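Here's the structure, in structure tokens; my notes come after.
The values are calculated or read from the model by the stated rules, or taken from the named source; none is laboratory data. Keep in mind the model is a prediction, meaning the values are calculated, not measured. Cβ placement follows ideal geometry from the backbone for every residue including glycine, while neighbour counts extend to all protein chains displayed. All accessible areas refer to the heavy atoms of the entire protein, side chains included, with ligands and DNA or RNA removed. Shrake-Rupley method; radii C 1.70, N 1.55, O 1.52, S 1.80 Å.
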Amino acid sequence: MPPRVVILTGAGISAESGLGTFRDAGGLWADWPLADVATPEGFARNPALVHEFYNARRRNVLDSHPNAAHEALAMWEMDRAGEILIVTQNIDDLHERAGSRAVIHMHGEVLGALCAACGARWPAPERMDPADPCPACRAPATRPDVVWFGEMPYRMDAIEAALSGCELFAAIGTSGQVWPAAGFVERARAAGARCVELNLEPSAVAHRFHEVRLGPATRIVPDWAAAERGRPPQPAAG
Ligand code: NAD
């Protein structure tokens, strides 16, 4: 059975946990140019700089805690197992620490390491270094297990299948500027799902949703999730 509810989350859901977003004023891209730290070409040019950037992100994640928005989604899954799937663009593990289990990290996880030479994966040490050897093949080609611009997001087949079969699609805390995630609303809507955006300010694709709720995630997500959990299944919205 496909999940009835698919929830796309972005950096905004973790903002109140103290993890910076990318595109808001004072966001991470202001200090760290995207082309330098989040592309394969940037990594080839200067792997030490890229590791420095993700080492700092990893430290921030380890120091942070799930907030009321992560917890509301986890409670939903605990209450109705199998009903919801979270597809997150976030590389933190705050959904899992809140208790969510059905989570797809389409952009990878900063707490994971990947060997660019042999594809092995293992838990990242707190600090990664360009000279670290892969534990499987020994090549000094280790990188954070995150998807950079220009790379294919993970598990797109499973995501596409879930979007095609869901009844409710919600996007929380995402700017709608990163593809293919920004196109998920179109996909879910074409399949007949009701589409709701929850964000601090309208995203670039807000006009494609049936409903937009504005405010900080910790305030608007718990109320919305509680209301949706109590709702009987709806006919397709079209
Ligand atoms: P983004 O930075 O482009 O946009 C953030 C969005 O969150 C904006 O629309 C903003 O209005 C909204 N927002 C900010 N504070 C909010 C709050 N308190 N409550 C609700 N919404 C809030 O982020 P994005 O759309 O996720 O896309 C960019 C990429 O950033 C993704 O690929 C992701 O991997 C990466 N990213 C991840 C993290 C993380 O893992 N926590 C942090 C920063 C960036």
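When each pair of different Cα atoms in segment 84-238 is counted once in the 1/r mean, what is the Kirkwood radius in angstroms, to one decimal?
17.3 Å
To the nearest 10 degrees, how steeply does helix 68-79 sit against the main Cα axis of the chain, on a 0 to 90 scale?
Between helix and principal axis, roughly 70 degrees.
Using the alpha-carbon atoms, what tilt in degrees (0 to 90, nearest 10) does helix 217-229 show relative to the longest principal axis of the chain?
Roughly 50 degrees between the two axes.
First compute the accessible area of the chain with a 1.4 Å probe, then give the percent of it belonging to carbon and sulfur atoms.
On the chain, the fraction of accessible area on carbon and sulfur atoms equals 56 percent.
Compute the separation of the alpha-carbon centres of segment 203-225 and segment 63-122 and state it in Å as a whole number.
When both Cα centres are located, 20 Å separates them.
If you count the DSSP beta bridges with both ends in the chain, what percent of them are antiparallel, to the nearest 5?
25 percent
Of G183, G12, G150, which has the largest mean-square fluctuation in a 10 Å C-alpha GNM of the chain?
It is G150.
State to the nearest 20 debye the size of the charge dipole of the chain about its Cα centre, where the only charges are +1 on K and R beta carbons and -1 on D and E beta carbons.
Approximately 340 debye in magnitude.
Can you send over the solvent-accessible area of C118, 1.4 Å probe, protein chains only, in Å² to the nearest 10?
Counting only protein heavy atoms, the figure is 70 Å².
Kindly point out, ordered by number, any Cys in the chain whose beta-carbon has no other cysteine beta-carbon under 4.7 Å away.
C166, C195, each lacking another Cys Cβ under 4.7 Å.
Under the definition of Cα pairs under 8 Å and six or more residues apart, what whole-number percent is the relative contact order of the chain?
23 percent
Can you give me the angle between helix 156-165 and the longest principal axis of the chain, using Cα atoms only, in degrees from 0 to 90, rounded to the nearest 10?
0 degrees
Rolling a 1.4 Å sphere over the protein heavy atoms, what is the accessible area per residue of the chain, to the nearest Å²?
The answer is 45 Å² per residue.
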